[in-house]
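The values are calculated or read from the model by the stated rules, or taken from the named source; none is laboratory data. Owing to the predicted nature of the structure, the values given are computational and were not obtained by experimental measurement. Positions of Cβ are generated from backbone atoms using ideal geometry, with glycine treated the same way; all protein chains shown enter the neighbour counts. Remember, those area values only see protein heavy atoms, side chains included, never the ligands or the DNA or RNA. Shrake-Rupley method; radii C 1.70, N 1.55, O 1.52, S 1.80 Å.
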Amino acid sequence: MADGRVIGVDLGGTKILAGVLDPDGRLDVVIERPTPSYSQDELLDALVETVMELRTPDVVAAGFGVPARVDTRTGFALGAVNTPIHEVPLGDVLGSRLGLPVGVINDGSAAALAEFVHGAGRGTRDLVLLTLGTGVGGGVIFDGQLYRGWSEFGHMVIVEDGEPCQGICTGRGHVESYCSGNAADRLARRLLGPAASAHDLVARRHPALAEIGHHLGAAVGSLVNMFDPDVVVIGGGFGVAAGELLLGPIRERVLREALAPGGERVQLAVAELGSRAGLIGAGRIAFEALG
Ligand SMILES: [Zn+2]
């Protein structure tokens, strides 16, 4: 791999997390700032400023994991559900403003890549990851290679004509409607009062988390039937916090929905890299951008 270090940036629905990585994936200096939610211009400015804040003379490229539908070859972002990104050549715009080689990838794919190389998927060939944050993202490693399509697993239908989805998504009954951190916030407010959040459900080990796990299990069961992965990793801010409390209910539902022996064989794991998976994966994409 190239000499020098890169900056990996994970754009989330509520925060931007960024850090400097060396070619071995070692992380140095991590910063966090809120995600501007008003306009795309503001969002682009924040991404550029974040990189400039971290940039040192040995930084040779930057990688961005974005919660959007991305054409990975061109860096063009079609649109996003929970952040103001719409039809923008993100790779070109960020590359010219920074004067650096830039790689752009879906944030769930970035996290999947990081967990495959450095985290819960080490030593496997096939991995599926779901990130539960503001929304629900996903990523797939298939036969040792990162799948670089949309990977919008959060928008799989798990309940026909179910609850409305979030952000600008017009769908109903999507995974994101039931299993995102925002969905868990809504559930907490309904059960515990207007000031409650997903954090309270986790702190109390609330039985309602099993409901979220069962919904997630429907999605995981379908993904097992499609990809027969060695491991399914649950990541993202809410996913990591709720962690083990979700895995039992997920397993129960997967045993019903997945074709045998997939439901028993698949390993279920919480993301080992925690909330840093996305930025570490984005850093790997930055090294790829060096060609
Ligand atoms: Zn949706």
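Within the range 6-28, if we keep just the residues that are over 12 Å from Thr50 (Cα atoms) and aliphatic (A, V, I, L, M), the residue that is most open to solvent (accessible area, probe 1.4 Å) turns out to be Leu27.
Can you pull out the helices (runs of 4 or more DSSP H) entirely within the range 164-279 that have at least 3 residues that are in contact with a helix residue (DSSP H, G or I) (Cβ under 6 Å, 6 or more places away or on another chain), touching a residue at least 12 places away in the same chain (Cβ under 8 Å) and more than 16 Å from Leu129 (Cβ to Cβ)? Before the answer, list the steps.
Details: elements: 175-179, 181-192, 198-203, 208-227, 237-242, 244-257, 262-265.
It comes to 181-192, 198-203, 208-227, 244-257.
Has the range 246-260 got any residue that is touching a Lys or Arg at 6+ places or on another chain (Cβ under 9 Å), open to solvent by 40 Å² or more (accessible area, probe 1.4 Å) and within 24 Å of Glu152 (Cα to Cα)? No, the range 246-260 contains no residue that is touching a Lys or Arg at 6+ places or on another chain (Cβ under 9 Å), open to solvent by 40 Å² or more (accessible area, probe 1.4 Å) and within 24 Å of Glu152 (Cα to Cα). Candidates in the range 29-64 are the residues that are touching a Gly at 6+ places or on another chain (Cβ under 7 Å) and at pLDDT below 95; of these, the one that is farthest from Thr131 (Cα to Cα) is Val29. Listed conditions (1) in contact (Cβ under 8 Å) with a residue 24 or more places away in the chain; (2) crowded, with 19+ Cβ neighbours inside 10 Å; (3) under 19 Å from Ala18 (Cβ atoms) are all met by Leu146, apart from (3).
Which one is nearest to Asn82 (Cα to Cα), of the residues in the range 149-167 that are near the ligand (Cβ under 9 Å from one of its atoms) and open to solvent by 30 Å² or more (accessible area, probe 1.4 Å)? Break it down stepwise before answering.
Pass one, the range 149-167, residues near the ligand (Cβ under 9 Å from one of its atoms): 152, 154-157, 164-167.
Keeping just the survivors that are open to solvent by 30 Å² or more (accessible area, probe 1.4 Å) gives 152, 155-157, 164, 167.
Details: Glu152: 12, His155: 12, Met156: 16, Val157: 18, Pro164: 14, Gly167: 5 Å.
Checking each candidate, the answer is Gly167.
Within the range 114-125, the set of residues being open to solvent by 20 Å² or more (accessible area, probe 1.4 Å), in contact with a helix residue (DSSP H, G or I) (Cβ under 8 Å, 6 or more places away or on another chain) and either part of a helix (DSSP H, G or I) or among the β-branched types (Val, Ile, Thr) (or both) comprises Val117, His118, Thr124.
Looking at the range 87-110, is at least one residue in contact with a Phe, Trp or Tyr (Cβ under 6 Å, 6 or more places away or on another chain) and not in a strand (DSSP E or B)? Among the residues of the range 87-110, at least one is in contact with a Phe, Trp or Tyr (Cβ under 6 Å, 6 or more places away or on another chain) and not in a strand (DSSP E or B), which makes the answer yes.
Summed over the range 48-69, residues that are open to solvent by less than 10 Å² (accessible area, probe 1.4 Å) and closer than 14 Å to Pro89 by Cβ total 3.
Would you confirm whether any residue within the range 210-217 is closer than 26 Å to Ile105 by Cα, buried (at least 17 other Cβ atoms within 10 Å of the Cβ) and within 12 Å of the ligand (Cβ to nearest atom)? No, the conditions are met nowhere in the range 210-217. Number of residues in the range 187-199 that are open to solvent by 20 Å² or more (accessible area, probe 1.4 Å) and either within 13 Å of His215 (Cβ to Cβ) or within 11 Å of the ligand (Cβ to nearest atom) (or both) equals 0.
The set of residues from the range 71-113 being surrounded by 24 or more Cβ atoms within 10 Å (Cβ to Cβ) and either in contact with a Cys (Cβ under 7 Å, 6 or more places away or on another chain) or charged (D, E, K, R) (or both) comprises Val81, Asp107. Quick check: anything in the range 214-228 in contact with a strand residue (DSSP E or B) (Cβ under 8 Å, 6 or more places away or on another chain) and more than 25 Å from Phe142 (Cα to Cα)? No: the range 214-228 contains no residue that is in contact with a strand residue (DSSP E or B) (Cβ under 8 Å, 6 or more places away or on another chain) and more than 25 Å from Phe142 (Cα to Cα).
Might you check whether a residue that is more than 28 Å from Gly281 (Cβ to Cβ), part of a loop (DSSP other than H, G, I, E, B) and either within 14 Å of the ligand (Cβ to nearest atom) or not aliphatic (A, V, I, L, M) (or both) occurs anywhere in the range 126-147?
In the first step, residues of the range 126-147 are kept if they are more than 28 Å from Gly281 (Cβ to Cβ); the result is none.
No.
Mind counting the residues in the range 170-186 that are over 17 Å from the mean Cα position of the chain (by Cα) and either within 16 Å of the ligand (Cβ to nearest atom) or more than 21 Å from Gly217 (Cβ to Cβ) (or both)?
Summing the residues that are over 17 Å from the mean Cα position of the chain (by Cα) and either within 16 Å of the ligand (Cβ to nearest atom) or more than 21 Å from Gly217 (Cβ to Cβ) (or both) in the range 170-186 gives 5.
Within the range 8-64, the set of residues being small (Gly, Ala, Ser) and in a strand (DSSP E or B) comprises Gly8, Ala18, Gly19, Ala61, Ala62, Gly63.
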